[in-house]
Amino acid sequence: MSEVEEQLRRGIAQLLPRLRRFGLALTGSREDADDVVQGAIASALGRAGQWSPTERLDGWLFTIMQGLWRDEVRRRKTSGTKSAATMVGAEKSVDGRRVAETLLMLNQTRARFARLPDEQRMALALVVIEGLSYRDAAEQLGIPVGTLMSRLSRAREALRTMIDEDKSQGGSFPKTVAGE
């Protein structure tokens, strides 16, 4: 195994938590996220010669993940298969009501996030979830920083509008979760 391949393997191992978070933000499902992460790792290892240690590994892997997910979404649309709605497993807790309310809030948030256009969802995922700077996120998406900022602004406004609409229809978060 070459030194570059070894660097790639070590880098992937260190990035696994971030890859899983990005996969979850990208797909909205733990199962789909795991599949996308696994596919991206397999693809990256199979194309190890295409990666250079001077290139950001996270950006390269995020790009692979986005491509795999877009292909999967296209495949599902053409085959008529819908993605199963999934929930993040809750840790055991003695307060079942609190767990149920938290899961409800998480599902509402996920549903709102999923309703955003892909461009806005990716911008939010890279900046808010992954913590990339605007410059790094824009570079990752291949867009100018101003365009990224515009997408973030539109995404945040869309989320605020969705929350306001839900509140006006009586579908706000439970009071115990939102803070009485």
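Summary table below
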quantity: Relative packing of 60-66, 115-121, 160-166, which averages over residues the other C-beta atoms within 10 Å, highest first; calculated: 60-66, 115-121, 160-166
quantity: In nm, spacing of pseudo-spin labels at Ala114 and Ser43 (7 Å Cα→C-beta vector); calculated: 2.2
quantity: Relative packing of peptides 146-154, 41-49, 29-37 - highest average C-beta neighbours within 10 Å first; calculated: 29-37, 146-154, 41-49
quantity: Sites Ala13 and Gln50, calculated FRET efficiency, Cβ-Cβ separation with R0 25 Å, nearest 0.05; calculated: 0.85
quantity: Glu6-Arg76 pseudo-label distance in nm [points 7 Å out on the Cα-to-Cβ vector]; calculated: 4.0
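Read-outs: derived from the displayed coordinates by stated rules, not from any lab. Treat the numbers as computed from the prediction; the structure is a model and nothing was measured. Heads up, the Cβs are rebuilt from the backbone with ideal geometry, glycines too, and the neighbour counts pull from every protein chain shown.
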